Structures are given as C-alpha cells and as structure tokens.
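Trainee: Supplied in structure tokens, the structure appears directly below.
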Amino acid sequence: MTISNHIRFFLFLFLALLNCLVHQAAFAQEFQASDGHAIFHSTVPLHSFTGESNYLNGLIDFEQNLVDFYLDLSTLKTGNSSRDRDMYDTLNIDQYPFAEFTGSIISDFSFSPDSLGKQPVTVSGEFTLNGVTVNKTVEGTIENRGRSLIINAEWVQDITDHEIEPPGILFYRVRDEMDIEIRAELFPVNQ
Amino acid sequence: MMNKYLKLAALFIPMLLLFISITEPGYAQLERERAIPDRHIDKIFWTTQNIGLNTTEMVAKRNLNSSVIHTFGLVNGGVDRFFGLDDGANTKISINYGLTDRLNLAIGRMTFQKVVDLKSKYKLMHQTESGSNPVSVALQFTAAATTLSGQNFTFSERLSFLTSLMVSRKMGPLSLQLSPMAAHLNNPHGSNPKRLYGVGFIAHYMLNNRFSLSAEYLPLFGNRFAGTTNTFGTALNIDTGGHVFQLFLTTSQFHNEQFIMANNRDQFEKGEFRFGFNINRNFGL
C-alpha cells in the first residue's frame, strides 16, 4: 500500500464520518430546554400557596417520539424558606432529588419545521416522584415558533399516588392533589 | 493489497460506528443533573437563635421571622410558685428580616430593663455538601439600649454592644457551633468591667424531621461581673412546618448575649434553672 493510497483511504473515512454527522444534524428533530418554568399550586384550609422553579429540563425528539422532562426539586421555591424546607423533607429530595416524566406523543400530531403555530398534543408516559413511578397522560400544546418550540401543559397530581403523606398538623392538612403547570421553550439540539 | 484494505475497513468501520454512537446528540433520556451541584447544607440549626445564643442560621431573602420568647422564674420555687410560672416572665418580641440571603437585620424588645436591641448578622460562609466549605461562618453585631424610665442615665450610658463570630458544622443529625464573642457595656455599674469576653457552645441533635434536642453553654473569660456564673440551657425543638417551637430549661432569664453574660447568677447543676419557650414563625413577604 503506497502512502497516497493510505491518504485516500483515510480521507474516505473522514468524509464518510463528516457525512454522517452533517446528515444527522440536518435532519435532527430534537429540541431541548434547560430553563423551563414549572409551577405547582397547593392549598391548606383557608390558604393556598404556589411553588415555582426555572430549572425545568426537557427534551422532545420527534423522530424517536420521545418526550422527557425532569426538575431538580430543590429549585422549587414558595417564597417562604421554612415552608420550602418542610416541602423538601416531605418530597424526600435528599433521596429522590428529581421529578421526572418520560413518555411519547400519543395524539395525532405531526411536526414540520416549516409549519408554524400551536397544536394540541397528548403525551402518555411515566411520572416519577419520591422514587415512585405512575402512568400519566397529560394534555398540552406545542407551538412551533420557527427557531424554537413552546410547550405548555397542566395537570392535577395526587401526591399520595407517590407514597407522599401530605404534611399537616392538628386540624389542617395540605390537600392531596396539586395543580401542576409547565412551560418551556425548547431549541433545536444541533443548530 | 485488497486484504489490507479489508482489514483496515474491518478495524475502522466499527470505530466509526462507535464514534457516531458517542457523538449522537441523544435518542435516549436526558442525563439527570442537579441544578446546583455543590449545594449549601440546610438546616444546621432550626432557628436563628437557640435559647439565648444566636446561630449561623439566617432568615432567607425577603422573609420575615418573628420570635416571641418567655422565660419564667426558677423551677425550684416549687408548686407554691408553680415551678416559676407564677413569677414574672421576661418576654422578648423580635422580628428579623432577610435583606439578602447573607444579610439579616433584626429589632427586638425585652421586658427586663426594657431593652431594645438592633441586630445585624452577615453570613460569611456556607457549609457545602461537597465539603468545599467545611463550616458555616456568620458575624453578628448587636447594639442595645435600656429604655427604663425614671433613671438618671444619659443615652450613651444606656447603650451596650456585642460582636460575635459564629462557626458551625453539621455532621449528619448533629450540629455544633462555637461562637467567640465580646461585649461592651457603657455603664456597667460600680466596679464591674466594661468589657466581657466569652465563647458560646451550641450542640443540636436532630431526632427526626419534627423534633430535635439542643443545648448551649456560655463560659466567660477574664473579668466578669461580681457574683455571675456561666449560663447553661437545654431545649426541645419542634418544627411544625410553619412554626418552630422551643421549650427550654435555662439558667439565664435574659435573651441576648451581653445581658446573659452580665446578669446570669444561677447554676444549672444546683437546680437553679427556669422554664421558657420560644415561638418562631417565618413569613414570606
């Protein structure tokens, strides 16, 4: 094998590799967010409170029909540090620091990069909190803004499904069900 | 020659596929990562003040902590004095505001000598989960004025000051604090020293998320007021989520450090201690 043949061979491999990567990037249908907004609303008798976080991580991969979101629960803040600490203890975040959802789109939904606008979507998968996973179907919207996707969803979550005892003392107790909202702007992974 | 190419291809094609799979942007789930990798150790103590001594614990930014402390008479007064509850309680009401997560300002008022105090506390260092900061450190400065009427004192003579450096560490359920402090009293009465020096010790043991035990000891070094002793106290802490209650037994009936150092004359081991309680409530503003 001459030196020029070697060079030709390695050049071929290099171009093949480059071609694979370019091809992959050009047709990627994968969107990701790391600063999505998550909110929960909860109530105790005569009082309600809200917790918020701007650390929602999310991934939507249309090609693989994968929807994956997680939130570091220690970033949830209610505006009252004592209540936050009590909430972290209740959610057992030292052992299970994340709330996670992994699923797929089950409604009639088609994604086209050129088709702008908002579409309703139904996603079904597994929601994990406190290390306990339950099946969950969530309805929301996906809005294609051209350079990004905006996703919105709301659902009601019963925390007792995740073996979490609602905190309380004497005559008051936090309601079992929490209203959860998420909003995130996802950007293409390979652009 | 063709064989050589086939061998090379057999070597490089799997490598190429491996490379592609590594550089694949992710057809699997996202890797779970903590938002703040090296978090501060939380809840070293449950309150900003343990009985009489301040802790490194801070009121969070835009939060307000209110505290109501009562300390009654000596328990050894027996049932005739209902174990001290018939005796006049020293009550302190205070509010403590978190200007930032590191800077707190507080104002309080105490029944005995009608003391009004202003306190600032600054968090210099947070203990971290990784151990990059092994301890929490806070600096406190307090200025107090006795506002008792009918006494012929100038405003300056009514003032006293305290500076304290608090160093704490949490190790599992156990938290310890060491706090060297210096007090200056403008009018210490008679031949008593104007300056007092002490080192506060606090131990806090978490039984579970709701209950903990704590104890504190404040020995003085150098000159001291005549007839005074080192104070000792022990408490049961109850965290209800909204409130933290402290039920304590302590020698001193005073509620801030310079007055504890200047006035405590009781000895715990001789049964000279008092029942008291502290109710803490945190508000988000």
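The values are calculated or read from the model by the stated rules, or taken from the named source; none is laboratory data. This structure is a prediction, so every number in the text was calculated from the model and none was measured. Virtual Cβ from ideal backbone geometry, glycine too; neighbours counted across all protein chains shown. SASA here: full protein model, heavy atoms, side chains in, ligands and nucleic acids out. Shrake-Rupley method; radii C 1.70, N 1.55, O 1.52, S 1.80 Å.
Trainee: Just checking, which of A:D94, A:D84, A:D114 is under 20 Å from A:L149 (Cβ atoms) and either exposed (fewer than 13 other Cβ atoms within 10 Å of the Cβ) or facing chain B (nearest Cβ under 10 Å) (or both)?
Mentor: Exactly one of A:D94, A:D84, A:D114 is under 20 Å from A:L149 (Cβ atoms) and either exposed (fewer than 13 other Cβ atoms within 10 Å of the Cβ) or facing chain B (nearest Cβ under 10 Å) (or both), namely A:D114.
Trainee: Out of all the residues in the range B:216-231, which are over 26 Å from B:N186 (Cβ atoms) and either touching a Ser or Thr at 6+ places or on another chain (Cβ under 6 Å) or without any contact (Cβ under 8 Å) to a residue 40 or more places away in the chain (or both)?
Mentor: Matches in the range B:216-231: B:Y217 only.
Trainee: Does the range A:53-65 hold any residues that are crowded, with 17+ Cβ neighbours inside 10 Å and either more than 7 Å from chain B (Cβ to nearest Cβ) or not aliphatic (A, V, I, L, M) (or both), and which are they?
Mentor: Listed by number, the residues that qualify are A:S53, A:Y55, A:L56, A:N57, A:G58, A:I60, A:D61, A:F62.
Trainee: In the range A:31-52, how many residues are in contact with a Leu (Cβ under 9 Å, 6 or more places away or on another chain), within 11 Å of chain B (Cβ to nearest Cβ) and open to solvent by 30 Å² or more (accessible area, probe 1.4 Å)?
Mentor: Here the count works out to 3.
Trainee: Moving on. Provide a single number: the residues in the range B:242-258 that are open to solvent by 10 Å² or more (accessible area, probe 1.4 Å) and closer than 14 Å to B:F112 by Cβ. Please lay out each step first, then the result.
Mentor: Step one: of the range B:242-258, the residues open to solvent by 10 Å² or more (accessible area, probe 1.4 Å) are B:242-245, B:247, B:249, B:253-254.
In the following step, the residues that additionally are closer than 14 Å to B:F112 by Cβ were identified as B:253-254.
Counting residues in the range B:242-258 that are open to solvent by 10 Å² or more (accessible area, probe 1.4 Å) and closer than 14 Å to B:F112 by Cβ gives 2.
Trainee: Identify all residues within the range A:165-188 that are at pLDDT 85 or above, open to solvent by less than 60 Å² (accessible area, probe 1.4 Å) and either within 14 Å of chain B (Cβ to nearest Cβ) or more than 30 Å from A:F31 (Cβ to Cβ) (or both); write none if there are none.
Mentor: Selection gives A:A184, A:L186, A:P188.
Trainee: Under the condition of being open to solvent by less than 20 Å² (accessible area, probe 1.4 Å) and not hydroxyl-bearing (S, T, Y), which residue from the range B:221-241 is farthest from A:Y88 (Cα to Cα)?
Mentor: The extreme case among them is B:F225.
Trainee: B:M206 - would you say it is open to solvent by less than 50 Å² (accessible area, probe 1.4 Å) and more than 14 Å from chain A (Cβ to nearest Cβ)?
Mentor: Against the criterion (open to solvent by less than 50 Å² (accessible area, probe 1.4 Å) and more than 14 Å from chain A (Cβ to nearest Cβ)), B:M206 does not qualify.
Trainee: Give just the number: which of (1) closer than 20 Å to B:S252 by Cα; (2) polar (S, T, N, Q); (3) surrounded by 18 or more Cβ atoms within 10 Å (Cβ to Cβ); (4) modelled with pLDDT of 95 or more does B:T163 not satisfy?
Mentor: The failed condition is (3).
Trainee: While we're here: Any idea which of (1) within 11 Å of chain B (Cβ to nearest Cβ); (2) over 20 Å from A:T133 (Cβ atoms) is the one A:S107 doesn't satisfy?
Mentor: (1)
Trainee: For the range A:61-97, name all the residues that are closer than 28 Å to A:V123 by Cα, not in a loop (DSSP other than H, G, I, E, B) and not hydrophobic (A, V, I, L, M, F, W, C).
Mentor: Hits for the range A:61-97 are A:D61, A:D68, A:Y70, A:D72, A:S74, A:T75, A:K77, A:Y88, A:T90.
Trainee: Among the residues of the range B:96-146, write down those that are under 21 Å from B:R39 (Cβ atoms) and outside any strand (DSSP E or B).
Mentor: Once the filter is applied, which keeps residues that are under 21 Å from B:R39 (Cβ atoms) and outside any strand (DSSP E or B), the range B:96-146 yields B:T100, B:D101, B:R102, B:H126, B:Q127, B:E129, B:S130, B:G131, B:S132, B:N133, B:P134, B:V135.
Trainee: Within the range B:124-137, is even one residue in contact with a Phe, Trp or Tyr (Cβ under 9 Å, 6 or more places away or on another chain) and open to solvent by less than 50 Å² (accessible area, probe 1.4 Å)?
Mentor: no
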